[in-house]
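Student: If you scroll down you'll find the structure; I have some questions about it.
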Amino acid sequence: MIRLQGEHLLLRPLRAEELDTVWQARVNDETAPWMSTPQAYERLRQRIANSGEFVDGWLDLGIETGGRLVGEVDARRPPRTMPEGVFELGISLFDVSDRGRGLGTEAIRLLTRYLFEREEARRVQASTWVENHAMRRVFEKLGFVEEGVLRSFMPSERGRDDYVLYAIVYADRSRLDA
């Protein structure tokens, strides 16, 4: 089981009893309506059961601070979808009051460092809505490089949103600690 201790948070396996907390956060997330369908609930249940280790190319971890689950972070490398050594990240902080406190930055730093050091990553990438300036700052602060805009990429309540792709490569991993 993967557990990554940071200065202000712990990345750890999600627990079965946290299913409803994670589900409610997804239902409340208006930017990702496909994450709150009945089929998505069952997939979430299975992912929580497998949390803490890579299963079918997915690693799901809870973000805990002060003994409280405040979000989730994941690394993805589904079979036959990306070249060897390439991982994609996702993150969600559930409550607005937990954003802007450095928790997302620390979670992305810890997981990215782990992927380079323990999972033989050569490239770690992530994308975000072009208007999500806070998340964009997180990636830039950690040394991720903006690689381009994915036009009309993500379905949303607004239609289809443009997303920005960021990546950091193994040769630049020291930027994570800059």
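The values are calculated or read from the model by the stated rules, or taken from the named source; none is laboratory data. Note that this is a predicted model, so its numbers are computed, not measured. Because the Cβ atoms are built from the backbone with ideal geometry, glycine has one as well, and the counts that use them run over all protein chains shown. SASA here: full protein model, heavy atoms, side chains in, ligands and nucleic acids out. Shrake-Rupley method; radii C 1.70, N 1.55, O 1.52, S 1.80 Å.
Student: Just one of the numbered conditions (1) open to solvent by less than 20 Å² (accessible area, probe 1.4 Å); (2) hydrophobic (A, V, I, L, M, F, W, C); (3) in a strand (DSSP E or B) is not true of residue 91; which one?
Tutor: With (1) open to solvent by less than 20 Å² (accessible area, probe 1.4 Å); (2) hydrophobic (A, V, I, L, M, F, W, C); (3) in a strand (DSSP E or B) applied to residue 91, the lone miss is (1).
Student: Quick test for you: out of 76, 80, 3, pick the one residue that is surrounded by 15 or more Cβ atoms within 10 Å (Cβ to Cβ) and under 27 Å from residue 123 (Cβ atoms).
Tutor: That would be 76, the only listed residue that is surrounded by 15 or more Cβ atoms within 10 Å (Cβ to Cβ) and under 27 Å from residue 123 (Cβ atoms).
Student: Looking at region 100-120, is at least one residue part of a strand (DSSP E or B), open to solvent by less than 50 Å² (accessible area, probe 1.4 Å), of a type in the set (Ser, Thr, Tyr) and in contact with a helix residue (DSSP H, G or I) (Cβ under 9 Å, 6 or more places away or on another chain)?
Tutor: Here is the first cut: in region 100-120, the residues part of a strand (DSSP E or B) are none.
Among the residues of region 100-120, not one is part of a strand (DSSP E or B), open to solvent by less than 50 Å² (accessible area, probe 1.4 Å), of a type in the set (Ser, Thr, Tyr) and in contact with a helix residue (DSSP H, G or I) (Cβ under 9 Å, 6 or more places away or on another chain), which makes the answer no.
Student: Could you tell me whether any residue of region 52-66 is in contact (Cβ under 8 Å) with a residue 60 or more places away in the chain, of a type outside the set (D, E, K, R) and open to solvent by 20 Å² or more (accessible area, probe 1.4 Å)?
Tutor: Yes, region 52-66 contains at least one residue that is in contact (Cβ under 8 Å) with a residue 60 or more places away in the chain, of a type outside the set (D, E, K, R) and open to solvent by 20 Å² or more (accessible area, probe 1.4 Å).
Student: Quick test for you: out of 7, 42, 18, pick the one residue that is more than 22 Å from residue 108 (Cα to Cα) and charged (D, E, K, R).
Tutor: Every option except 42 fails the conditions.
Student: With the condition kept exactly as written, say whether any residue in region 31-39 is out of contact with any Lys or Arg (no Cβ under 9 Å at 6 or more places or on another chain), at pLDDT 90 or above and open to solvent by 50 Å² or more (accessible area, probe 1.4 Å).
Tutor: no
Student: Check region 147-170 and report whether any residue there is in a helix (DSSP H, G or I), touching a strand residue (DSSP E or B) at 6+ places or on another chain (Cβ under 8 Å) and either of a type outside the set (A, V, I, L, M) or farther than 28 Å from residue 1 by Cβ (or both).
Tutor: yes
Student: Also, quick follow-up: Tally up the residues in region 129-146 that are crowded, with 17+ Cβ neighbours inside 10 Å, aliphatic (A, V, I, L, M) and assigned to a helix (DSSP H, G or I), please.
Tutor: Final tally of qualifying residues: 2.
Student: Moving to a separate point now. Is it true that residue 51 is at pLDDT 95 or above and touching a strand residue (DSSP E or B) at 6+ places or on another chain (Cβ under 8 Å)?
Tutor: Answer is yes for this residue.
Student: Can you confirm whether region 160-173 contains a residue that is in contact with a Gly (Cβ under 8 Å, 6 or more places away or on another chain), modelled with pLDDT of 95 or more and either of a type in the set (S, T, N, Q) or open to solvent by less than 20 Å² (accessible area, probe 1.4 Å) (or both)?
Tutor: yes
Student: If residue 22 satisfies all but one of (1) in a helix (DSSP H, G or I); (2) at pLDDT 95 or above, what's the number of the condition it fails?
Tutor: The single condition residue 22 does not satisfy is (2).
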